[in-house]
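Q: Before I ask anything, here is the structure I am working with.
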Amino acid sequence: MTLTQTLASPIADLNQRAVALCSAGQFGEALTMVTPWLDDATLPNDARADSLNIAGACCFALRNMTDAESHWRHCLRVKPDYADVYGSLGSLFQSLGRLSAAKAMYRQLVALRPDHAAAHHHLGNVLYGLGYKDEAEASYRQAVTLRSDYAEAHYNHGILLCDLRRPHEAEAAFRRALPVLQNHPEVHNNLGNVLVALGRIEEADAAYRQALTLRPQYPEALNNLGGVLRAVQRLTEAELAFRLALTVRPDYAEAHLNLGAVLVDLARLPEAEAAYREAIACRPDYAEAHYNLGIALFGQERFDDAEQAYREAIRCQPGIAHAHNNLGCVLRVLDRFPEALDAFQHALDVCPEMAEAHSNLGSAFAQLRRLPEAESAYRRALALRADYGDARFGLAGLLLGMGRFEEGWALYECRYEQPAFVHRRTRAMLGCPQWLGGPLVGKSLLVWQEDGLGDMLQFSRYFALLKAQGVAHIAFACAPALHRLMARVDGVDAVLDHTSAQARASDYDCWTSLLSAPLYLHTTIDTIPRAVQLTLEPALVEQWRPALNALPPGRKIGLVWKGNAKHHNDANRSMASLATLAPLWSVPGLGFVSLQKGQGEDDAHNPPAAQPLLDLGTKVTDFADSAAIIAQLDLVICVDTSIAHLAASLGKPCWVMLPERDVDWRWMHERDDSPWYPHTLRLFRRAPGEDWAASVERVRQACVERFGAAMLRSPAYGIAPTETDRSAP
C-alpha cells in the first residue's frame, strides 16, 4: 500500500509533464515519457489509464492510428468508465470512416455523460454519416437543448433539416449559428440554399453575396449565386457567376451543368452543348448532364445525337422519368412511334403521375391513328393537371378531328393560355375586352387575325353570321395579302392592318378571333356554315386572262407543292420539289399553272424540260390575284396550304394531298371529303409507310378518270400507234 502511494505521485507528475509536452506540440517526447509505464500492472489503474490515454493521443497526433486505437482500447480495459477515451476513439474511427465503430463509442460516451452537449453533437454527426437522419436529428436537438449557444450543433442541425426538407426549421438553425459563426462563409452559403427553397430569392442573393464577401473565391457560393440570378432572369450575371466558379474550380461539374442551362436560356445552344460535355468530362456518369445535353442537341435538331444523350442519362440513372419522356419525344420526331410509346410508358413506370408523359402518349397514339387510346391518354394527363395546356390543346384537336365539336371548340380556347402561342399576347396587346359569347347587338367588333392565312379563308364564313348577331360594325385586322379579297366579303365593314387596328383597339366594344366564332355560335358537325362566297373584281380576272390563254388548249390545272416553311408541320406537309409531281405531266390534254409562293418559287422558275409549267405564283401580289387566276382554272391540286381554302371557297374543284403524319384536325379522319367544303374538295391521304409518289400516282389516275378516256393515248401510258408492215411477203 505504501509502495503504491509512493509510486502514484511520481506517475501523476510524469503524466502532467507529458500533457504539457502535448500542449506544446511535442508529441514524440510525450510518448517517450509515458511509454515505459504503459504495461506496468503494478501502477494504480487511474494513473496507468491516464498514461495510456496520453499515449493514444500522441499516436493519434502523429497519425499512427493503429497504435492510437491499441492504447485507447487498452486504457478502457484498465478503466472502463474513462469517458474521454470513448470520445477520442469515436473521433479516431470517424476520421478513418469507420462510422459504425464511432457510433458505438459515442453512444458509450452519451451513456456516461448524458448532459454532455458535445457528445450528443458528435453522435449526431456519425448518425448523419450513416444515413440515420431521424436519430441524428434527435441527437442534434439534444445537443442544442443542453447548450443553446452551441453554434456548431445548430449549423449541423440545419444541414440535416435541409436534407429532411424542413426548410423553415433549417433557417432557424442556421440563424442561431450565425452569431458565433458569422465569419464562416459556409453558414451564409447554406442559409442561402434554405432561402432559395423557401422562395425568398432576394434574401438568398444577399446570403450568397455575404459568403463571397468573406471568401471571394468560393466556388459553391458563386455557383449558387448564379442559380439565383438565373431564377430572376438576370442571365448575363448568372453566366458570369458560373464562369467565375469554374475559374476557381475548373473540374466543378455542377457549375458546368448550370452554365449550360443558362446558355440554353440565352439560346446559345452550341455553347450550352460544350458546357454539358465539360460536365460529363468531369463526371462521366453525371446523368443530369447527359439529360441536359439531350435538350441542347434536340434544340439544334440533332435528333440522333439527342437520342444517344438521353439513353446515356437513363443508363446512368434509370429513374429519371423526364429522360424517358424526352427520349420518347425524340423518337416521335424521328417517326419511330412504337419506340416512342415504349419510352413514354417507361417514364410512367417511374412516375405514374407524370402528366407530360400521358400527354405525349396521347400525341403518339394520335399519330398512329389509335384515336380512343389517344383520347384516354390526354384525359389522364388532364386528370392529373387540369390546366395542362399541351394536353388540352392536343385533346381539342383530336376531338375536332373526330367531329366532336361541342367539347372540342371549348378546349380549343386554351390556346389563349399557352405561353408559347401568339394568342396569349393578343389579349395583352388589345385595349378592348375579348368577346366571350355575349350579346353583340349594336356593338363594334374587331376581328383579329392571329392564325394562318388558310384559317382566315376557311373561317371567313363566320363574318356574315357575326353580322347577323346584330353587330353594328365589323373591322377585320389581317395580313396585307388578304386585304383586297376580304374587303369584298359579306359582313366585313373595314379591313385594317394589325398596327392600325392595335392603335385603335380601344375604340371597339370587343374583339374576337374567327376561330372562336364556332364555339360561341355553337357550330356542330351538322351545322357547319357554308363556305364564304368570295366575289372577284371582273377587271382583275381580265388582267390575268391573257397569261392563262397562252396555255395550249385543254384543261388548266393549278399546282402548289409547298406550304409556309415556318409552319410547325411543314417538313411533313410539303413536297421536296416540283419533280415529285412529274407523273402528272404524262396525262395529255392538261396545262399546268404554278400558284406557288415563297419556298418552291425557284422550282417554278426553272421547271425540268419535261415539265412545262406556266409560272404565275411568283407574279401575284396577294390573294385577290390568286383568286382571279384560280377562277379561270378547271382544278387545283395542292398540298395542305391556304390555296386549298381559297380554291374551295371559290367553288373550284380542289384536290388536297395530305401528309402521312400530323394531319391537321380540320381534315378529320379517314374520309376523302370535307364537311367544310362538301362539294368542291377531295382529299388524298398518304397511308402509313407511303411516300408522296403513291399520292401523286393516285392523283394522276384521278386526272385520267376525270378528264376523259381520250387522254389514255399519251406516249407514256397509252397504246402505241400502228405501223405499216414493210417486210417482204
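Q: Please find, among Asp81, Asp50, the residue that is surrounded by 15 or more Cβ atoms within 10 Å (Cβ to Cβ) and within 29 Å of Leu123 (Cα to Cα).
A: Asp50
Q: A follow-up question, please. Provide a single number: the residues in region 226-240 that are surrounded by 15 or more Cβ atoms within 10 Å (Cβ to Cβ) and in contact (Cβ under 8 Å) with a residue 24 or more places away in the chain.
A: Total meeting the criteria: 8.
Q: Could you please find all residues in region 505-519 being in a helix (DSSP H, G or I) and more than 33 Å from the chain's Cα centre (by Cα)?
A: Ala505, Ser506, Asp507
Q: Just to be sure, is Ala272 assigned to a helix (DSSP H, G or I), touching a residue at least 24 places away in the same chain (Cβ under 8 Å) and within 14 Å of Leu297 (Cβ to Cβ)?
A: Here the answer is yes, as Ala272 does meet what is asked.
Q: Another question about this same structure. Give the number of residues within region 53-64 that are more than 60 Å from the chain's Cα centre (by Cα) and either of a type in the set (Gly, Ala, Ser) or exposed (fewer than 14 other Cβ atoms within 10 Å of the Cβ) (or both).
A: 1
Q: I need the full set of residues from region 199-214 which are in contact (Cβ under 8 Å) with a residue 24 or more places away in the chain and within 16 Å of His168 (Cβ to Cβ), in order please.
A: Residue satisfying the conditions is Ala204 alone.
Q: Here are some conditions: (1) surrounded by fewer than 21 Cβ atoms within 10 Å (Cβ to Cβ); (2) more than 59 Å from the chain's Cα centre (by Cα); (3) not small (Gly, Ala, Ser). Asp67 meets all but one. Which one does it not meet?
A: All conditions are met except number (2).
Q: Here's a follow-up. Which of the residues that make up region 585-612 are hydrophobic (A, V, I, L, M, F, W, C), at pLDDT below 90 and either surrounded by fewer than 21 Cβ atoms within 10 Å (Cβ to Cβ) or not in a helix (DSSP H, G or I) (or both)?
A: Across region 585-612, the qualifying residues are Ala609, Ala610.
Q: Taking Phe684 as the residue in question, decide whether it is hydrophobic (A, V, I, L, M, F, W, C) and touching a Phe, Trp or Tyr at 6+ places or on another chain (Cβ under 8 Å).
A: Answer is yes for this residue.
Q: Can you find a residue in region 413-420 that is under 20 Å from Leu436 (Cβ atoms) and among the aliphatic types (A, V, I, L, M)?
A: Looking for residues that are under 20 Å from Leu436 (Cβ atoms) and among the aliphatic types (A, V, I, L, M), one finds none in region 413-420, hence no.
Q: Yes or no: Lys467 without any contact (Cβ under 8 Å) to a residue 60 or more places away in the chain, crowded, with 16+ Cβ neighbours inside 10 Å, basic (Lys, Arg) and out of contact with any helix residue (DSSP H, G or I) (no Cβ under 8 Å at 6 or more places or on another chain)?
A: Judged against the criteria, Lys467 is a match.
Q: Right, here's the next one. Which of the residues that make up region 104-119 are within 20 Å of Tyr150 (Cβ to Cβ) and of a type outside the set (A, V, I, L, M)?
A: Tyr106, Arg107, Arg113, Pro114, Asp115, His116
Q: Can you name the residue in region 407-430 that is exposed (fewer than 13 other Cβ atoms within 10 Å of the Cβ) and among the small types (Gly, Ala, Ser) and is also modelled with the lowest pLDDT among such residues?
A: By that ranking, first place goes to Ala420.
The values are calculated or read from the model by the stated rules, or taken from the named source; none is laboratory data. All values reported here derive from a predicted model rather than from experimental measurement. All Cβ positions, glycine included, derive from the backbone under ideal geometry; neighbour counts span all protein chains shown.
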